[in-house]
Amino acid sequence: MKKIIAALIISGSVLVSPENGKANVSLPCSSVLEPVNTGYANEKGVVLVYKVKLTPSFPRTSISIHANHLPTPSSLGEYDGYEGFAFIPNEISWRFKLYPIPVIGGPTWVGRFDEITADLENSKLEVRLSNSKTGKLGPVVLESSINSCK
C-alpha cells in the first residue's frame, strides 16, 4: 500500500509540474521594470501585459509601459527618446515608441503595442534609449522578464 501511494505521488508531481523553463504566467499580469544602472535610484517602471480583441480576428497580446524619473535621453548620449522593447531570445522582438507626458519633476514615458501574436513565454521586457533620426536603439535603462509577471 505504501508503495502504491508513493508511486501515485511521484507520478502526480511529474504530470502536474510545468516543463523546465516555462514561464507559466497567466494574463493579465504586470511586472516592475527595475533600473539597470544602480546610480539611478528613482528610475522605475511598470509593464502591463494582457489580451486585447480589437478586430474580429483572434485576440492579440498588448504590452504597455509606464516609466518614471528617467534621465533626459540626450544626457546619456546621442539619443532623443525611449522605446519599449520586448523580445523572446533568439526568436522575435518588438519595439515601440514611448511618449513623454509632461509632469513636474520630468516626464513620465508611456507607450503600448497591441499586435503581438506570439506566446510571450520566457520573453524579456525593456525600456531602452533610442535615436529617432537614425532608428538605432541604445542601451537598456529598465528591465524585467515575463517570468516575474504577476
When you look at residue 16, is it β-branched (Val, Ile, Thr), modelled with pLDDT under 80 and either more than 17 Å from residue 144 (Cβ to Cβ) or open to solvent by 80 Å² or more (accessible area, probe 1.4 Å) (or both), yes or no? yes
Check residue 50 against each of (1) at pLDDT 50 or above; (2) assigned to a loop (DSSP other than H, G, I, E, B) and name the one condition it does not meet. (2)
Among the residues of region 96-113, write down those that are among the small types (Gly, Ala, Ser) and within 14 Å of the chain's Cα centre (by Cα). 111
I'm told residue 120 meets every condition in (1) surrounded by 18 or more Cβ atoms within 10 Å (Cβ to Cβ); (2) of a type outside the set (Phe, Trp, Tyr); (3) assigned to a strand (DSSP E or B) except one. Can you identify the failing condition by its number? (3)
Among the residues listed as 123, 75, 145, 132, the single one being of a type in the set (Gly, Ala, Ser) and without any contact (Cβ under 8 Å) to a residue 12 or more places away in the chain: 75
Residues located in region 76-96, provided they are open to solvent by 80 Å² or more (accessible area, probe 1.4 Å) and more than 19 Å from residue 34 (Cα to Cα): 78, 90, 91
Single condition residue 112 does not satisfy, out of (1) closer than 20 Å to residue 25 by Cα; (2) exposed (fewer than 13 other Cβ atoms within 10 Å of the Cβ); (3) at pLDDT 95 or above: (2)
Mind counting the residues in region 114-131 that are β-branched (Val, Ile, Thr) and more than 9 Å from the chain's Cα centre (by Cα)? 2
Please verify whether region 132-141 includes one or more residues that are farther than 30 Å from residue 26 by Cα, within 20 Å of the chain's Cα centre (by Cα), among the charged types (D, E, K, R) and outside any loop (DSSP other than H, G, I, E, B). yes
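Specify the residue that is surrounded by the most Cβ atoms within 10 Å (Cβ to Cβ); the eligible residues are those in region 35-75 that are among the small types (Gly, Ala, Ser) and farther than 18 Å from residue 123 by Cα.
My answer is 67.
The values are calculated or read from the model by the stated rules, or taken from the named source; none is laboratory data. Everything numeric here is computed off the predicted structure, so don't read it as measured data. We place every Cβ from the backbone using ideal geometry, glycine too, and count neighbours over all the protein chains shown. Side chains included, ligands, DNA and RNA excluded: accessible areas come from the protein's heavy atoms. Shrake-Rupley method; radii C 1.70, N 1.55, O 1.52, S 1.80 Å.
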